[in-house]
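Let me begin by presenting the structure, written as structure tokens, before commenting on it.
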Amino acid sequence: MRLSYQADLIKNKQVGVIDIGSNSVRFVVYSISGAAFAPIYDEKVLAGLGRDLRRTGKLNPQGRVQALEALKRFSALAKAQNLDDVLIAATAAMRDADDALEFIGLVKAQTGFDISPLSGEDEALMSANGVIAGEPRARGLAADLGGASLELVQVSGGQTYSGVSYQLGPFSMFDGAFDPAELRPRIETMLGADIAKDYPHIDTLYLIGGAWRKLAIIDQKRNGYPLRVAHNYSFGTAHARELAEWAYSSEGAAELLNWPNISQRRADTLPYGGLMLSVLLDRLSPEHVVIAPGGLRDGLVYQWLSVDAKKQDALFDACASIAGQSTEGAKMGDAIFKFLSGIHVDLPRVFDLETEDRIRKAASLLMSTGAGLHPDHRAKIVYEIALYGPLPGLTHKERAYLALMLFRAYRSRKTPPDSAVIHHLLNENEQLSAQIYGEAMRAAVVLSGRCPAALEKFTIAVNGETLALRMDADVEALIIERTRTHFEDLAKMIQKTFTAETY
């Protein structure tokens, strides 16, 4: 794991992605900082280009009109925004429709966009790259359900493996009434009898696509799950099966059609999404199910990144970007982490040491986030940024842990005002571990006055029953009652006594 942060490699760029899918046409602008990227503008039109594909073999006529209108707008927006690049992906409908080439020519003439539809395998691999971009530790099978197709590809160790595409999207499978009893055997036949042999021992099934993401958000609301973030939302397989069966049942399908803030076109695809999930669970028997942190569009941006950028941990780049750090600001985060590394092994932890240190590093970099905020509100603001900000490579539990670290770094209260997320995801001992590191960061900042050069003249260690702070003689004046109090509080939390002395 790379724990160093190279601020000199951070050069903010903006890239647009045009995604011409079977159900929607989308324009997303990403802000890129090193290896981290996040959408800053997102517009879609549910054109339904592939809605008639099964019946006519052609693009939907109304969808063509809507898609062309949207693409002309997106072209104008891209030019006005002076983007560093515009990446274009066209998927199953544009790949398979009889009139796709004619439509591609029309788009080229009126927008200048040069469209080359992705092959099924390339679409699968690009979606899997999106999973890796959002979770470098991903290990399992990525499944991307679009309007016309389903892509499957294995991911492990930051790598993707050969992908496969099936014409198993809702537009390819039915036109009219949704009948799960008729559809299920057809889906199973098209997947093939040997799919379990092709993908044995699946650790995690990563679900990509709007239908599954929307089902996850609905599931969170139905069950009172407090952290309303779809990305990296994880299910046990029993829970996932229950959600899937509810979604394609007649009662669930009827409820979904009337669910608030869901368009009719999106609602029509959700029962099928539940059915497809049910089939995959039955055939593949994964140990875990996770809503993927990224998909096709993210994969396009990830592929666009430089080799040097990909070598960095996107989490650290994202933290630095959110904190608005200059090189000097990044040095403070590094200084905090380096200073506290002297006691890392002595502090209680929740995760393995590598994961724990990764979260600690992220917290150190985010310490600059609250520096310029109003002191009465910064603890809550930084806490919410950690929970809901675009931070790649974090599970929901890790997000909660990071958020509580940062809250404690700015406020002595044990838990934030809105503590439902913390209590749901962390037990009391886990909360204490986060609070201890938060208190340690707070002590480091108070001691140094946010000055890396000053903090570098101190070391801290646990010697038996003592938390020992040692320093150069020229910074001894920094030890006053206020700074001593913070280190004494930290010592009490780890059941030690505090001492301070010069070298």
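The values are calculated or read from the model by the stated rules, or taken from the named source; none is laboratory data. It should be emphasised that the depicted structure is a prediction, and the values quoted were computed from it without experimental measurement. Cβ coordinates were reconstructed from backbone atoms using ideal geometry, including for glycine residues, and neighbour counts include every protein chain displayed.
What is the residue count in region 104-115 for residues that are part of a helix (DSSP H, G or I) and crowded, with 18+ Cβ neighbours inside 10 Å? Working first, answer last.
If we filter region 104-115 for residues that are part of a helix (DSSP H, G or I), which is where we start, we get 104-111.
Keeping just the survivors that are crowded, with 18+ Cβ neighbours inside 10 Å gives 104, 107, 111.
The number of residues fulfilling the criteria is 3.
In this structure, does F174 turn out to be within 19 Å of L46 (Cα to Cα), out of contact with any Phe, Trp or Tyr (no Cβ under 6 Å at 6 or more places or on another chain), not basic (K, R) and not assigned by TED's automatic domain parsing to the domain that holds G63? So F174 passes the test.
Determine if region 483-492 includes at least one residue that is surrounded by fewer than 18 Cβ atoms within 10 Å (Cβ to Cβ), among the basic types (K, R) and at pLDDT 95 or above. Checked against the condition, which is being surrounded by fewer than 18 Cβ atoms within 10 Å (Cβ to Cβ), among the basic types (K, R) and at pLDDT 95 or above, region 483-492 yields at least one hit. For region 225-234, the count of residues that are modelled with pLDDT under 95, over 16 Å from Y388 (Cβ atoms) and in the same structural domain as S156 (by TED's automatic domain parsing) is zero. Selection of region 106-129 for residues being aliphatic (A, V, I, L, M) and within 25 Å of E69 (Cα to Cα) yields L106, V107, A109, I115, L118.
Taking the listed residues L243, L227, the one that is buried (at least 19 other Cβ atoms within 10 Å of the Cβ) and not in a helix (DSSP H, G or I) is L227, with no other qualifying. The numbered conditions (1) buried (at least 19 other Cβ atoms within 10 Å of the Cβ); (2) in a helix (DSSP H, G or I); (3) β-branched (V, I, T) are all true for T369 except (2).
Going residue by residue through region 138-148, is there one that turns out to be closer than 18 Å to A314 by Cβ, buried (at least 22 other Cβ atoms within 10 Å of the Cβ) and either over 17 Å from the mean Cα position of the chain (by Cα) or small (G, A, S) (or both)? Explain how you work it out, then say what you get.
We begin by selecting, within region 138-148, every residue closer than 18 Å to A314 by Cβ; these are 138-139, 142.
Checking which are buried (at least 22 other Cβ atoms within 10 Å of the Cβ) leaves us with 138, 142.
Within this subset, residues satisfying the condition of being either over 17 Å from the mean Cα position of the chain (by Cα) or small (G, A, S) (or both) are 138, 142.
Within region 138-148, one or more residues are closer than 18 Å to A314 by Cβ, buried (at least 22 other Cβ atoms within 10 Å of the Cβ) and either over 17 Å from the mean Cα position of the chain (by Cα) or small (G, A, S) (or both).
Taking the condition modelled with pLDDT of 95 or more and either touching a Lys or Arg at 6+ places or on another chain (Cβ under 9 Å) or more than 21 Å from L281 (Cβ to Cβ) (or both), does H239 pass? For H239, the condition - modelled with pLDDT of 95 or more and either touching a Lys or Arg at 6+ places or on another chain (Cβ under 9 Å) or more than 21 Å from L281 (Cβ to Cβ) (or both) - is not met.
Please go through region 442-455 and give me each residue that is buried (at least 16 other Cβ atoms within 10 Å of the Cβ) and not polar (S, T, N, Q), ordered by number. The answer is R442, A443, A444, V445, V446, L447, R450, C451, P452, A454, L455. Just to be sure I understand, how many residues within region 330-355 are closer than 16 Å to F316 by Cβ and β-branched (V, I, T)? Number of matching residues: 2. Pairs are defined by a Cβ separation below 7 Å, a sequence spacing of at least 6 or placement on different chains, a first member in region 463-475 that is of a type in the set (D, E, K, R), and a second member that is surrounded by 15 or more Cβ atoms within 10 Å (Cβ to Cβ) and assigned to a loop (DSSP other than H, G, I, E, B); the pairs so defined are E465/K496; D472/K457. The set of residues in region 372-402 being of a type in the set (V, I, T) and either buried (at least 24 other Cβ atoms within 10 Å of the Cβ) or free of Cβ contacts under 8 Å to residues at least 24 places away in the same chain (or both) consists of I381, V382. Going by the conditions given, is L432 within 25 Å of R470 (Cα to Cα), assigned to a helix (DSSP H, G or I) and assigned by TED's automatic domain parsing to the domain that holds A453? Taking the combined requirement at face value, the residue does not satisfy it.
In region 105-117, which residue that is of a type in the set (A, V, I, L, M) and in contact with a helix residue (DSSP H, G or I) (Cβ under 7 Å, 6 or more places away or on another chain) is farthest from K72 (Cα to Cα)? Full working, then the answer.
Just the residues of region 105-117 that are of a type in the set (A, V, I, L, M), to begin with: 106-107, 109, 115.
When the remaining residues are screened for being in contact with a helix residue (DSSP H, G or I) (Cβ under 7 Å, 6 or more places away or on another chain), the result is 106-107, 115.
Values: L106: 11, V107: 8, I115: 14 Å.
This residue is I115.
In the set (1) over 25 Å from G389 (Cβ atoms); (2) in contact with a Phe, Trp or Tyr (Cβ under 8 Å, 6 or more places away or on another chain), the condition left unmet by V29 is number (1).
Starting from residues that are touching a residue at least 60 places away in the same chain (Cβ under 8 Å) and more than 14 Å from Y401 (Cα to Cα), keep the ones in region 339-361 and report whichever is surrounded by the fewest Cβ atoms within 10 Å (Cβ to Cβ).
If we filter region 339-361 for residues that are touching a residue at least 60 places away in the same chain (Cβ under 8 Å), which is where we start, we get 339-340, 342-343, 346-350, 354, 357-358, 360-361.
Filter once more, so that each one left must be more than 14 Å from Y401 (Cα to Cα): 339-340, 342-343, 346-347, 354.
On the way: F339: 24, L340: 21, G342: 16, I343: 20, D346: 13, L347: 17, E354: 9.
Taking the candidates together, the pick is E354.
Out of curiosity, is L404 farther than 30 Å from I32 by Cα and assigned by TED's automatic domain parsing to the domain that holds S341? So L404 does not fit the description; no. Within region 249-267, the set of residues being more than 29 Å from A38 (Cα to Cα) and within 26 Å of the chain's Cα centre (by Cα) comprises just one member, L256.
So that you can scan it fast, the table gives a plain yes or no per residue for (1) of a type in the set (S, T, Y); (2) touching a residue at least 12 places away in the same chain (Cβ under 8 Å); (3) closer than 24 Å to G176 by Cβ; (4) out of contact with any strand residue (DSSP E or B) (no Cβ under 9 Å at 6 or more places or on another chain):
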{"residue": "I32", "(1), (2), (3), (4)": "no, yes, no, no"}
{"residue": "A35", "(1), (2), (3), (4)": "no, yes, no, yes"}
{"residue": "G48", "(1), (2), (3), (4)": "no, yes, yes, yes"}
{"residue": "R64", "(1), (2), (3), (4)": "no, yes, yes, yes"}
{"residue": "A90", "(1), (2), (3), (4)": "no, yes, no, no"}
{"residue": "D99", "(1), (2), (3), (4)": "no, yes, yes, yes"}
{"residue": "F103", "(1), (2), (3), (4)": "no, yes, no, yes"}
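Would you check which residues across region 163-207 are acidic (D, E) and either surrounded by 12 or more Cβ atoms within 10 Å (Cβ to Cβ) or within 25 Å of Y233 (Cα to Cα) (or both) and list them? Answer for region 163-207, where residues must be acidic (D, E) and either surrounded by 12 or more Cβ atoms within 10 Å (Cβ to Cβ) or within 25 Å of Y233 (Cα to Cα) (or both): D175, E188, D198, D203.
Inspection of region 184-201 finds a residue satisfying the criterion of being assigned to a loop (DSSP other than H, G, I, E, B), in the same structural domain as S278 (by TED's automatic domain parsing) and among the hydrophobic types (A, V, I, L, M, F, W, C).
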